[in-house]
Amino acid sequence: MKFNFFKKLLLIGLMVYLPSQAMAWGMLGHRIVGEIADRNLTKKARKNIQKILGNETVAMASNWADFIKSDPSYDYLGPWHYINVKQGVTLDEFTRFVMQDTSTNVYTKLNMMVSELKNNKNLPQDKKEMYLRLIIHMVGDIHQPMHAGRPEDLGGNRVRLTWFNTPTNLHRVWDEQLIEYQQLSYTEYATVLNHASKTQRNTWQQAPVSNWIYESYLIADKLYEGVKPEDKLSYRYNFEHVNTLNDQLLKGGVRLAGLLNEIFG
């Protein structure tokens, strides 16, 4: 059966989990995405979000999902942050799979929480807070390309490299080091990036979530091709990839705003 084919194709990637995979963009990157989203909210959405988060901003709420990793009772959230996929999967294959699949991953859990916040009028306040914070974080996650990386190397965690002579791996370069190299605060970075046209915003927001993840998957594929284990990355790598980095941060923020406006606007 076709479903079994896709199951075999992707299941390994969906089930593998290590805690190191659960932090996408690092604190700075998540706050950039959250700040861009905040600047693109409708007034109604902002008001309704404030009823849940109080004085906590979208940008600051974006890191809650990483902070609570210190509490073992939240360990079950680890696989909610990513979906690792084997090489060579087409968009149609990927879309058909995620539409049928019931595995625990960023796609299934993001859709679940969006549905709960939109449709469950009796959702307790603590669940609203948790789901909203996780949605903010997870939309950021799926725009970090290595969160749609390959299962055999745990989303690039096993691709060892150096970054300006510091030992690292491909996943961490994209989580933190490439962003931190730009030497901007999250508010400064959001101001630099937040210039999407109305057409761009509409196009990015109207694409289904499965496409958001597949875009990251294709970018990740190119990132794998661009390095070899133990490569020494520095100025050239930043020059070649900073535009992709910025595009993903901007898309993440704009799409997060669209999703929050849909839920709360």
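A short reminder: the numbers here are calculations on the coordinates, not readings from a lab. Just so you know, these numbers come straight off a predicted model, no measurement behind them. Positions of Cβ are generated from backbone atoms using ideal geometry, with glycine treated the same way; all protein chains shown enter the neighbour counts.
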Quick one: putting +1 on the C-beta of Lys and Arg, -1 on the C-beta of Asp and Glu, what dipole do you get for region 91-199 around its Cα centre, in Debye to the nearest 20?
300
Lysines whose Cα lies under 21 Å from that of K232, excluding same-chain neighbours fewer than 8 positions away:
K222
Provide K43, K69, K222 in ascending order of the number of other Cβ atoms located within 10 Å of each residue's Cβ, fewest first.
K43, K222, K69
Only Lys, Arg (+1) and Asp, Glu (-1) charged, at Cβ; the chain dipole about Cα centre in debye:
780
Reported label for calculated semi-axes √(5λ) of the Cα gyration tensor in Å given (1) 30, 19, 17; (2) 33, 19, 17; (3) 27, 23, 17
(3)
Run the simple label-point estimate for T162 and N202 please: 7 Å along Cα→C-beta, distance reported in nm.
5.1
Amide H of N169 versus every other amide H placed in the peptide plane: which residues, excluding those fewer than 5 positions away on the same chain, fall under 5 Å?
L161
If Lys and Arg each add +1 and Asp and Glu each add -1, what is the summed charge of the other residues whose beta carbon sits under 11 Å from the beta carbon of M60?
-1
Could you please report the charge total around L41, scoring K, R as +1 and D, E as -1 over all other residues with beta-carbon less than 12 angstrom from its beta-carbon?
+2
With the dipole of region 2-264 defined by +1 on each Lys or Arg Cβ and -1 on each Asp or Glu Cβ, the option from V242, W163, Y131 whose Cα lies farthest towards the positive pole is Y131
Taking 8 Å as the Cα distance limit and 6 or more residues as the minimum spacing, I'd like the relative contact order of the chain as a percentage.
33
Inter-site label distance for E230 and K51 at 7 Å from Cα along Cβ, in nm:
6.0
Pop the C-beta distance of L91 and K69 into the FRET formula with R0 = 30 Å and round what comes out to the nearest 0.05.
0.40
In percent, how large is the relative contact order of region 103-240, given Cα pairs closer than 8 Å and 6 or more residues apart?
30
